[in-house]
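Asks: First the structure, then my questions, so here it is.
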């Protein structure tokens, strides 16, 4: 509102100034005489001013006409002018419109339409840095992988599209299973953009699959440097790579290098079972049992595992059963109620033939952690205490269909491994193995249950007297269903066929 009022006041002031100027010129009474050759013109002051303005306007129009003529001549000569820019703007508008339509077609899953729009956009724009990627992705969507590969290779010649071209070829080689070429492309992409997270992960996975542990450690360090990896995760994965490199060095009889690598791995991840067990064995070999004990106790506190117990037993291999029990009590002291600690002590008491202590150490694990191991330990306890063979066979029969317990299981595909490996043998995932109980297979359980009569019958046949040749031995079927609702195993009912 205020600005509108100001503009009106300015307009009124200008009109007043012009009126005052015209009145002033008219009141002077003077005349302007202009002589051209032999002709003389007499004009009033106002007419002279108007004539001067008309002359200036004519001169301006003349210059504009001359400029238009010059621009036309340049246009005909092929030079860039306002006329050419006008037509260029039209082509650019059509090109960007086709590019936008191609991107929408690509997002909609219409590969052929996207390829046609990309070609149209390239024809109008002449900008391969904008249209090549659309063409390549549209070709892949349409199933024309050859066209896509050709376009990606063309993109390598332009610095603006080089990385996208390498990444596209890398994706194709990975899909084809050509890991050797994919490795070279991943290294090239990493050199172009070392901070690119996807390229880092791809290169790390390929290097780990190729057992290039030192190269993978460098890639992991670069990933930490860019801030894409938490420091604790970096330590864990670097330890996995270090212990893997140590295993290879040990296989190649490079003992010193292996010892240094495994100690470095254990320092970074004390709870990593393979590195802790290897580091303890290095200390045992060097005659440092106290150091080995310290390493294993710390690892057990973080992650109890049978491999750690095996390494702990190697510290004093010739000790008596009683001495071993006493020494292992110090190992499990931080976590005495852990399932692995209780199973371990139960096994040690069984080895010492102290079956009541073994039963006490096992507790109710046959119910709360009913695995093949806990049920087999229970069968050994029953056997050691002199229970009837039918009870022992019942526990063994339950162990057949029970879970195998914790195993090295891939968290990505649930594949089970007999021993720890840095890369899953099934899906190729890096550092995906965990000591957990894998999912049970219903098919495997059914087949095992069908075999129970034969297994139990075979156990009894071994203790039975030889039957006459004319008689036919029929395996004994054992009913392992608990007699009460608590789940405690009762004495099995025998049913002979």
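Throughout, read-outs are computed from the coordinates displayed, never taken from laboratory work. Note that the coordinates shown come from a computational prediction; the quantities given were computed from them, not determined experimentally. Every residue, glycine among them, receives a Cβ derived from its backbone with ideal geometry; neighbour counts consider all protein chains shown.
Asks: So what is the relative contact order of the stretch 230-318, in percent, for Cα pairs below 8 Å that sit 6 or more residues apart?
Replies: 24
Asks: Using only alpha carbons, build the gyration tensor for the stretch 170-244 and give me the equivalent ellipsoid semi-axes, biggest first, whole Å.
Replies: Working: eigenvalues 85, 43, 16 Å².
Semi-axes, largest first: 21, 15, 9 Å.
Asks: What span do the alpha-carbon atoms of the stretch 230-318 cover on each of the three principal axes, reported in whole Å from largest to smallest?
Replies: 43, 31, 18
Asks: Further question on the same structure: Which FRET efficiency value, to the nearest 0.05, do you get for residue 434 and residue 333 by plugging their Cβ-Cβ distance into 1/(1 + (r/R0)^6) with R0 = 22 Å?
Replies: So the FRET efficiency works out to roughly 0.35.
Asks: Output the peptides 116-128, 49-61 sorted from most to least packed, where packing is the average of other Cβ atoms within 10 Å over each peptide's residues. All intermediate terms of the calculation are to be shown ahead of the outcome.
Replies: Numbers: 116-128: 18.5, 49-61: 10.9.
Ranking the peptides 116-128, 49-61 by packing returns 116-128, 49-61.
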